Structures are given as structure tokens and as C-alpha cells.
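Below is one structure, written out as C-alpha cells, with a few remarks after it.
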Amino acid sequence: MSALATSLLSSPLANRVFTEKQLAETLGGSDARRYALVNRALKDGSLVRLKRGAYLLAAQRSSAALYPFCVAQALVPGSYVSFETALAHHGWIPEAVYATASVTPGRKTLEHNTPVMGRFSYHPLALQPYGHLVAVERQTFGGLVAFVASPLRALVDLVALRKHGWTGLEWLTSGLRIDEAQLHSLRRKDISRLKTVYKHKAVNAFINELEKALVAPLLSESDRP
């Protein structure tokens, strides 16, 4: 193990993705010395470069704190995990998802194929101001926090990404294989709070049609035990 990795194992950077700036603050010294240490650590494999300017220690890559959702957050700050990734995480779809897909607050689609943590993709959506984190949950994995879309938010984000118009519940239950019981577990307020989030009329039409399709089994808060 390199001298750099040995020194970082006992530092606050040990169980997280860290940047060049954080590394400089931790190590101190000259830029030349730090670059030399980084290059040696990269060559012997004790340091992993996830993307330009973002690293993690190879010895910590299987740590619970370095759950892929936390890595996704570190690679693109301000993003949140959504789409099929969040649906699978919540148990709403049966298929395993092998990439971590997130909504980015930026305007460009991004992708990072990392050598040890897999593939991360980031997609912008047309959202209303202050709508970015509506129905997004703060979850803790190990010692780090990641933001993850609720099941309904992840579903509607997927509709917005794919530009999929309403074609009935069958697309959800047969196409995505969402258990109908999961849909009937939604509350009116779950659906209503998303009506001011998206800019596109087609997405809002989908939300309205979903509400109509579920209106009979949907219970108001006062009806719940």
C-alpha cells in the first residue's frame, strides 16, 4: 500500500469520495509533492480515480458507507437517485438494475464509467423552480447521506425522461411490472404534490390520468386507519 493510502486511512477521507481540493487540505505541502504521491498511489492500485478530480481509497471501496448511491451524490453534487434505480431500490420493479441513474440539476446528460463502482448516469429534467427535491427522501448508508426519489417521484421522473404519454395502468403493471398493490398504496397527497413539479404538459397530463385511474381505491388521509 502506498504512503498516501496509509496516511489517508486514518483521515476523514477514508470512507468517502474526495476531491483534489480536499486532498490538498488534508495532505498540505506543495502541489508537486501531492501529485507525486497521487501518481504512485494510482500506479500501485491503492488509490482509485473515479473521474477527473475525484478519488477513493481502494481499501475502502466495499465499505457500507461507499454505497453506490453515496458515490453518485459525490460525483455530481446536487443530484438525486431516481428512475429505475430508485424503483428497484424501493422494491417497485423486480428487475435488478446494474447502473445508478440520477436526476441532475444541470442541463447536460452525464455518464461516468468508474473502474470499481460501476456506471453512473445523470439526466436533466424540465422542472419548475424549487421542484428539484419534492418527494425526494434523505437516506443514510453507512455514515454518508444520499438523496433518493420516492417511488412515485422516480416513476414520474422516468415518464418525463422517456416522454411517455398516458396509455393506461397496463404500461405500469405489465410494461414496468409494478405490482398494482404498490400503485394502490399511493395517497391523494402523494400525487397532488407532484402537480407543480414538472414543466411539460404531457407529464402533468400523465399525473392527472394516474390520479383518475386510482381515484376509486385512493383513500384520503382521514380514511386511513
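The values are calculated or read from the model by the stated rules, or taken from the named source; none is laboratory data. Just so you know, these numbers come straight off a predicted model, no measurement behind them. Cβ placement follows ideal geometry from the backbone for every residue including glycine, while neighbour counts extend to all protein chains displayed.
Considering each residue of the stretch 13-33, count those that are assigned to a loop (DSSP other than H, G, I, E, B) and exposed (fewer than 11 other Cβ atoms within 10 Å of the Cβ), and give that number.
Matching residues across the stretch 13-33 total 3.
Please indicate, with yes or no, whether at least one residue in the stretch 62-85 is modelled with pLDDT under 90, assigned to a loop (DSSP other than H, G, I, E, B) and surrounded by fewer than 16 Cβ atoms within 10 Å (Cβ to Cβ).
Among the residues of the stretch 62-85, at least one is modelled with pLDDT under 90, assigned to a loop (DSSP other than H, G, I, E, B) and surrounded by fewer than 16 Cβ atoms within 10 Å (Cβ to Cβ), which makes the answer yes.
So, in the stretch 34-48, of the ones that are of a type in the set (D, E, K, R) and either touching a Gly at 6+ places or on another chain (Cβ under 7 Å) or surrounded by 15 or more Cβ atoms within 10 Å (Cβ to Cβ) (or both), which residue ends up farthest from Val116 (Cα to Cα)?
Within the stretch 34-48, the match that is farthest from Val116 (Cα to Cα) is Arg34.
Give the residue, chosen from Leu169, Leu155, Leu144, that is under 15 Å from Ser102 (Cα atoms) and assigned by TED's automatic domain parsing to the domain that holds Thr109.
Answer to the check: Leu155.
Tally time: how many residues in the stretch 154-176 are exposed (fewer than 12 other Cβ atoms within 10 Å of the Cβ) and touching a residue at least 60 places away in the same chain (Cβ under 8 Å)?
Count: 0.
Scanning the stretch 3-12 for residues that are part of a loop (DSSP other than H, G, I, E, B) and without any contact (Cβ under 8 Å) to a residue 40 or more places away in the chain, which turns out farthest from the chain's Cα centre (by Cα)? Before the answer, list the steps.
Applying the first criterion (part of a loop (DSSP other than H, G, I, E, B)) to the stretch 3-12 yields 9-12.
Filter once more, so that each one left must be without any contact (Cβ under 8 Å) to a residue 40 or more places away in the chain: 10-12.
Working: Ser10: 28, Ser11: 26, Pro12: 23 Å.
So the residue we want is Ser10.
Across the stretch 129-153, which residue is surrounded by the most Cβ atoms within 10 Å (Cβ to Cβ) among those that are in a strand (DSSP E or B) and aliphatic (A, V, I, L, M)?
Residue satisfying both the conditions and the ranking: Ala149.
Within the stretch 92-125, how many residues turn out to be in a loop (DSSP other than H, G, I, E, B) and either surrounded by fewer than 19 Cβ atoms within 10 Å (Cβ to Cβ) or not assigned by TED's automatic domain parsing to the domain that holds Val203 (or both)? If you could, list the steps in order and put the result at the bottom.
Residues of the stretch 92-125 in a loop (DSSP other than H, G, I, E, B): 92-98, 104-109, 115-117, 124-125.
Remaining after also requiring either surrounded by fewer than 19 Cβ atoms within 10 Å (Cβ to Cβ) or not assigned by TED's automatic domain parsing to the domain that holds Val203 (or both): 94-98, 105-109, 115-116, 124.
Of the residues in the stretch 92-125, 13 are in a loop (DSSP other than H, G, I, E, B) and either surrounded by fewer than 19 Cβ atoms within 10 Å (Cβ to Cβ) or not assigned by TED's automatic domain parsing to the domain that holds Val203 (or both).
Among (1) within 19 Å of Arg138 (Cβ to Cβ); (2) modelled with pLDDT under 90, where does Thr6 come up short?
(1)
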